[in-house]
Amino acid sequence: MITRRPRRLRSTAAIRRLVAETRVDPAQLVLPVFVADGLVAPRPINSMPGVSQQTLDSVRAVAGAAVSAGIGAIMLFGVPEPDDKDETGSAGYAADGILNRAIAAVRAEVGDDLPVLADTCLDEYTDHGHCGVLDAGGAVDNDATVDLYVRQAISQAEAGAHFVSPSGMMDGQVAAIRAGLDAAGHQQVGILAYAVKYASAFYGPFREAVGSALVGDRRTYQQDPANRREARLEASLDELEGADIVMVKPAAHYLDVLADVAGWSRVPVAAYQVSGEYAMIAAAAERGWIDRRAAHTEAVTAIVRAGADIVLTYAALELAEWLR
Ligand code: PBG
């Protein structure tokens, strides 16, 4: 005779809701948004159905919608005009660069009602597409790049970012940015560190979204997907260097890594459901091969179940609606 019947707790939707171990709240979702220079109307991104590059004007409406939807934060990426790219990515740290103008525009719209996060990296702005400056041999120069990240972070703080988000995986970037922000009087500006970031094929659609010029790959600075233990080193270094939030990226194929980091981190842990993760669901849904709403909801629930306190997802606005 069977006495223990686990199916009892699955028998109605209301009971399943009562006993759910994981609940996704719009307040923990972060919407990444691309803002392109010189754009006059939002431009759809082919490889990310449902996502568009925004103008300096339209991003304000998106930010307003995020506030209304109860989303946790917005993460802004800048897309410069192709002519503004150069060897050192100077449009990334110019005070009037596209991202800094976007930060100011969004802050004017939302004030302190929505945390404004800024991507701190140079790949969108360099003509070679790497995340930093190159040395004579063509390799990414760690320390010279970190100096530019500090300039970029300070310019983002000055534009009004609540958090800067170094994503270039240079050694020592968090400590240098923290010291630079403090010295410039920005002690209150936080750092969301892309602490654990793998050299992933799932960033493919992002390259179209930001018009990246990259030829080759980022395997000399981003992590090898084969490595799990190394994530602990990367995340603990960033925590010690002063990261206020650490992030694991990508999310869905790295849930083991995410669970590890969430298990011992003393600061909040974020996970980034990246462009390729989004695109796979969106593309299959467009063909009618998968249910868009169910797949996105399941994917983000799994990321939260694995231990993420915060999830960056291009589906944040839809999810907020679906979770209502
Ligand atoms: C670097 C950066 C990338 C992403 C976020 N920040 C691209 C890369 O490292 O190659 C990828 C995000 C995504 O794929 O959604 N600035």
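Laboratory data are not the source of any read-out in this text; all were calculated from the coordinates shown. No experiment lies behind these values; they were computed from the predicted model shown. Glycine also receives a Cβ, built like all others from the backbone with ideal geometry; neighbour counts cover every protein chain displayed.
Can you tell me how much longer the chain between Asp244 and Trp264 gets when fully stretched, taken as 0.36 nm per residue apart minus their C-alpha distance, in nm with one decimal?
Values: separation 20, 0.36 × 20 = 7.20 nm, distance 1.46 nm.
Full extension from Asp244 to Trp264 adds 5.7 nm.
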Query raised in the report: In degrees, nearest 10, range 0 to 90: what is the angle between the Cα axis of helix 275-286 and the longest Cα principal axis of the chain?
Result: 50
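How high is the FRET efficiency from Gln188 to Leu9, r the C-beta distance, R0 45 Å, rounded to 0.05? Walk me through the intermediate numbers first.
Working: r = 45 Å, r/R0 = 1.01.
Computed FRET efficiency for Gln188 and Leu9 comes out at 0.50.
So, R0 is 41 Å and r is the distance between the beta-carbons of Asp96 and Glu21; what FRET efficiency does that work out to, to 0.05?
On the way: r = 48 Å, r/R0 = 1.17.
The pair Asp96/Glu21 has a calculated efficiency of 0.30.
Order these by the 10 Å Cβ neighbour count, fewest first: Tyr203, Tyr149.
Tyr203, Tyr149
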Query - Potential extension, Arg293-Glu158 segment - 0.36 nm per residue separation minus Cα distance - result: 44.8 nm
Report summary line: For the chain, longest principal axis from Cα atoms; helix 173-183 axis from its Cα atoms; angle between them, nearest 10 degrees, is 70
Report summary line: The answer for Leu134, listing residues at least 5 apart or on another chain whose modeled amide H is closer than 5 Å to its amide H, is Asp141
Report task. Please list the non-local residues whose amide H lies under 5 Å from the amide H of Tyr198, H modeled 1.01 Å from N, same-chain partners needing a gap of 5 or more. Result -> Gln223, Lys249
Query raised in the report: Anyone know which of Arg17, Arg266, Arg292 comes out most mobile in the 10 Å Cα GNM of the chain?
Result: Arg17
Query - the stretch 24-322: translational diffusion in µm²/s, Stokes-Einstein, Kirkwood Rh over Cα pairs, 25 °C, 0.890 mPa s - result: 130
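For the chain, what is the percent of antiparallel DSSP beta bridges, rounded to the nearest 5? Walk me through the numbers on the way to the answer.
On the way: 3 of 35 bridges.
Here the antiparallel bridges make up roughly 10 percent for the chain.
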Report task. Taking the dipole about the Cα centre of the stretch 24-322, with the C-beta of Lys and Arg at +1 and of Asp and Glu at -1, give me whichever of Ala91, Ile177, Leu56 is farthest to the positive side. Result -> Leu56
Report task. Rounded to the nearest 10 degrees, what's the angle between the helix 255-264 long axis and the longest principal axis of the chain, both from Cα atoms, 0 to 90? Result -> 80
**Report entry** Using a Förster distance of 22 Å, the FRET efficiency for Asp143-Thr220 (Cβ separation, nearest 0.05)
**Finding:** 0.90
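Could you line up Leu76, Leu255 from fewest to most neighbouring Cβ atoms inside 10 Å?
Details: Leu76 28, Leu255 18.
With the sparsest Cβ surroundings first, the list reads Leu255, Leu76.
With 10 angstrom as the radius, rank Thr145, Thr3 by how many other C-beta atoms surround their C-beta, starting from the fewest. Could the numbers behind the result be given before it?
Numbers: Thr145 26, Thr3 4.
In increasing order of surrounding Cβ atoms, one gets Thr3, Thr145.
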Query - Listed residue (Thr145, Asn100, Ala65) projecting farthest to the positive dipole end of the chain, Cβ model - result: Ala65
